[in-house]
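Take a look at the structure below.
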Amino acid sequence: MEEIVVGTKPHSPKKKLKNKRLTWQTIKEQKQLIFMSVPLLAYIITFAYVPIWGWTMAFQDYKPARSFSDQTWVGFKHFKFLFTDDNFLRVLRNTLGMSIINLILGFVTAIILALLLNEIKKVLWKRTVQTISYLPHFLSWIIVTGIVATSLASDGIVNDILMKLHLIDQPILWLTEGKYFWGVVAGSHVWKEVGWNTIIYLAAISSIDPALYEASDIDGANRYQKMWNITLPGIKPTIVILLIMSIGHILEAGFEVQYLLGNGLVVDWSETIDIFVLKYGIAQGNYSLATAGGIFKSVVSITMLLFANWTAKRLGEERLL
């Protein structure tokens with residue numbers, strides 16, 4: 001029998017994670033799955049990788065009427081123009097600002113709503129509130145921006161409520177002042193997506209061991225203490241993974257909502273990279289500049305996704321060790 005010395009901890013060497021090698025035997029065993037993935041693989045190659053050939057336009061003064069061999073190569077001319085152009089730096093600021101605000105508010109409101117829904121004991125009332133909260137997700141942005149514009153009009157419901165509460169003396173023109181635009185966009189995103197974003201958090205909450213709540217009842221914990229000490233730590237891995245994945249979309253501030261709600265009075269605050277590419281590239285026939293802007297956005301997204309993948313892998317390895 002193995003002798004255990006009192007006062008010392010038994011040695012437990014860390015297990016090294018080994019990558020399973022891909023062999024012909026493995027391929028043969030999983031040939032059905034491989035055949036099922038062929039259509040998806042063909043779709044990705046056709047619509048995701050083949051168009052990368054078009055990135056060459058960013059390094060040319062591209063003219064649609066000329067063949068590929070007749071194009072004039074200009075190197076990084078269009079990229080240099082982007083990073084020295086005041087308009088591009090302005091839309092980059094707008095894109096990052098709105099994206100970060102949407103990210104923070106989206107996470108905070110979804111987590112809070114999920115915690116509150118979890119505290120509702122009547123199943124029928126809980127399902128009703130949850131259904132009502134995620135129905136806006138299925139509305140198109142055209143409908144949502146129409147509702148927002150009507151609500152924020154000078155005679156809209158928002159100004160009526162604020163005036164009846166004596167919070168303002170006269171109606172505010174929300175969509176004509178740039179200082180309000182980012183908040184309007186963030187509020188629109190939250191209203192449309194908060195209910196849908198709570199679904200995955202509610203699923204994570206349902207996997208928490210009920211015995212933890214029973215033990216907290218014995219210790220005399222109230223609802224807020226349970227949320228703070230049991231529910232939130234229980235869904236922490238889900239929050240971290242979703243946050244890491246969202247980092248890869250840091251330049252995805254949106255297009256439809258800014259394009260539909262924006263106007264000439266708030267153009268300095270409403271334009272994003274996508275609108276810049278459309279307005280100064282495609283609309284003016286400058287496809288090279290539009291492609292350069294798209295490449296910049298893609299490179300940033302790929303870099304952030306690789307970072308997110310590396311971080312998620314490290315977290316997974318530490319959890320298994």
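Before moving on, here are some points about what is shown:
- Relative contact order of the stretch 222-321, defined on C-alpha pairs under 8 angstrom at six or more residues apart (%): 32
- Distance between the pseudo-spin-label points of Trp196 and His137 (7 Å out from Cα toward the beta carbon): 0.7 nm.
- Amide H contacts of Gln60: Val74, each under 5 Å away and 5 or more positions distant or on a separate chain (H built 1.01 Å from N in the peptide plane; Pro and chain starts excluded).
- Exposure here means at most 14 other Cβ atoms within 10 Å; with trypsin sites (Lys or Arg not before Pro) in a DSSP loop as sites, the longest stretch of the chain lacking them is 123-321.
- HN-Hα J in Hz across the stretch 203-214 - Karplus 6.51, -1.76, 1.60, θ = phi - 60°, x for Gly and Pro: 5, 5, 5, 5, 8, 6, 4, x, 4, 5, 5, 5
- Length gained on full extension, Lys179 to Val123: 16.0 nm, using 0.36 nm per residue less the C-alpha separation.
- Per the Cα gyration tensor, the chain maps to an equivalent ellipsoid with semi-axes of 42, 36, 19 Å, ordered largest to smallest.
- Look at the alpha carbon pairs under 8 Å that are at least 6 residues apart: their mean separation over the length of the chain gives a relative contact order of 26 percent.
- Protein heavy-atom accessible surface, 1.4 Å probe, per residue over the stretch 24-93: 79 Å².
- Viscosity 1.567 mPa s, 4 °C: Kirkwood-radius Stokes-Einstein D of the stretch 185-321 over Cα pairs, µm²/s: 69
- Extension gain for the segment Tyr224 to Arg314, taken as residue separation times 0.36 nm less the Cα-Cα distance, is 29.2 nm to one decimal.
- The residues of the stretch 146-295 expose, per residue, 54 Å² of accessible area to a 1.4 Å probe.
- Compared with the rule-of-thumb size 2.2 N^0.38 Å for a compact globular protein, the stretch 111-177 has a Cα radius of gyration ratio of 1.51.
- Applying the Karplus relation 6.51 cos²θ - 1.76 cosθ + 1.60 with θ = phi - 60° to the stretch 136-148 yields 3J(HN,Hα) values of x, 4, 8, 8, 6, 5, 4, 5, 5, 5, x, 5, 5 Hz, where x marks Gly and Pro.
- Computed E for Trp55/Met245 - FRET, C-beta separation, R0 22 angstrom, nearest 0.05: 0.30
- Measuring r between the beta carbons of Thr84 and Lys63 and using R0 = 35 Å, the FRET efficiency lands at 0.90.
- Surface composition of the chain: carbon and sulfur atoms hold 66% of the protein heavy-atom accessible area at a 1.4 Å probe.
- A helix-only calculation puts the chain at -19000 deg cm²/dmol for mean residue ellipticity at 222 nm, using -39500 (n - 2.57) for each DSSP H run of at least four residues, averaged over all residues.
- Links that overshoot a 32 Å alpha carbon limit, given the list Lys226/Lys313; Lys121/Lys313; Lys164/Lys192: Lys121/Lys313
- Between Ile45 and Ser216, the FRET efficiency estimated from the beta carbon spacing at R0 = 51 angstrom works out to 0.45.
- Choice from Leu260, Leu165, Leu135 with maximal GNM fluctuation in the chain (Cα, 10 Å cutoff): Leu165
- Relative contact order for the stretch 70-228, counting Cα pairs under 8 Å that sit 6 or more residues apart, in percent: 32
- Centre-to-centre, using Cα atoms only, the stretch 42-72 and the stretch 236-283 are separated by 25 Å.
- Heavy atoms of Met57 accessible to a 1.4 Å probe, total area in Å² rounded to 10: 50
The values are calculated or read from the model by the stated rules, or taken from the named source; none is laboratory data. Values in this document were obtained by computation on a predicted structure and should not be read as measured data. We place every Cβ from the backbone using ideal geometry, glycine too, and count neighbours over all the protein chains shown. Just so you know, the surface numbers come from the protein's heavy atoms only, side chains and all, with ligands and any DNA or RNA stripped out. Shrake-Rupley method; radii C 1.70, N 1.55, O 1.52, S 1.80 Å.
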